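Before any comments, here is the structure.
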């Protein structure tokens, strides 16, 4: 009886080649002859390139406060360029002695963003909104100055990472609700609202962001009363919001169309008004569906802020390019671009991973 039980237990276990490291390799790298060839090519490229990259980036590289001459004699990367220019890359032409202000403002801003991503804090409701209001006031005081003994700094001197964060965050925050209203307007039964929504969405989506930014910079002042002007930073922000809202509207519209017709009929049967059914039943489901494409749009919008250079704003990428215009450091542009790319990657990777977690968490709540 014991032998039979042991044999039965052996039969119930999967083969050794289907579990563990061997099983993972067979499933992910060598599941077919085509995948096996690609995996072998990738392994060969990794073996032949990674040691050289490590040698260039770490072993033979130059670190710390070193001169350009030392970097020219070295055989590796010149990270001394980042040491020398990192403040200009991060903060642009903001007054050098006042760099602590955009640094503190950026810390406050990022704290608000990361804090808002913590799900238990969503229960704070209006308290969280009050924290955002107070935090943004502190950020504005630090960036502009002019009070509390702080030197006034015009918006034209803002640049680098803080400018990129501000443009991307406010562009996302204001474009999202506008995109919802445009999506609802495009599906409206009222011809006037539907026509206006369709015209706006198709017009904005039919031109590149560079054109929107250029028109925002040139055309907006023409519609203002005499003597009234809008800072070019605000013009760029408006252009980014309008552009993001058009693309967000199409993503949200796709989510609305994916909702079964029975959900709309159930809302009508419960006697809910149009806005009640949208707020309580339809939109929560549609937005849950559209999390992946929406986050993809947010990531794209974050990187597209580099296009504001067209109207003379110095974002993170532009300050990196200007930094190696110094003739002494010009040969080390690769290091500058790598530093800039690492910053972009960190923020985009966080958005991607957070969206995956949020999608799984909301699906788990829905199943319960």
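Working only within region 118-137, note down all residues that are surrounded by 13 or more Cβ atoms within 10 Å (Cβ to Cβ) and within 23 Å of the chain's Cα centre (by Cα).
121, 128, 131, 132, 135, 136 - these are the residues of region 118-137 that are surrounded by 13 or more Cβ atoms within 10 Å (Cβ to Cβ) and within 23 Å of the chain's Cα centre (by Cα).
Taking into account only those residues within region 74-117 that are out of contact with any helix residue (DSSP H, G or I) (no Cβ under 8 Å at 6 or more places or on another chain) and under 16 Å from residue 320 (Cβ atoms), which is surrounded by the fewest Cβ atoms within 10 Å (Cβ to Cβ)? Spell out the reasoning first.
Here is the first cut: in region 74-117, the ones out of contact with any helix residue (DSSP H, G or I) (no Cβ under 8 Å at 6 or more places or on another chain) are 74, 83-84, 97-98, 100, 107, 114.
Right, trim to under 16 Å from residue 320 (Cβ atoms) and you get 83-84.
Numbers: 83: 14, 84: 21.
Out of the qualifying residues, it is 83.
Assess whether residue 204 counts as being surrounded by 13 or more Cβ atoms within 10 Å (Cβ to Cβ), closer than 30 Å to residue 282 by Cβ and either assigned by TED's automatic domain parsing to the domain that holds residue 351 or modelled with pLDDT under 90 (or both).
Judged against the criteria, residue 204 is a match.
In region 288-315, what residues are part of a helix (DSSP H, G or I), touching a residue at least 12 places away in the same chain (Cβ under 8 Å) and under 12 Å from residue 168 (Cα atoms)?
297, 298, 299, 301, 302, 303, 304, 305, 306, 307, 308
Of the residues 156, 188, 195, 217, only one is surrounded by 14 or more Cβ atoms within 10 Å (Cβ to Cβ), over 19 Å from the mean Cα position of the chain (by Cα) and not in a loop (DSSP other than H, G, I, E, B); which?
217
Please report, ordered by residue number, the helices (runs of 4 or more DSSP H) entirely within region 28-96 with at least 2 residues that are out of contact with any strand residue (DSSP E or B) (no Cβ under 8 Å at 6 or more places or on another chain) and farther than 23 Å from residue 316 by Cβ.
Correct list: 33-54, 68-73.
Name the residues in region 301-348 that are over 15 Å from residue 92 (Cβ atoms), touching a strand residue (DSSP E or B) at 6+ places or on another chain (Cβ under 7 Å) and surrounded by fewer than 22 Cβ atoms within 10 Å (Cβ to Cβ), would you?
none
The values are calculated or read from the model by the stated rules, or taken from the named source; none is laboratory data. Quantities reported herein were computed from a predicted structural model and do not represent experimental measurements. Backbone-built Cβ (ideal geometry, glycine too); neighbour counts: all protein chains shown.
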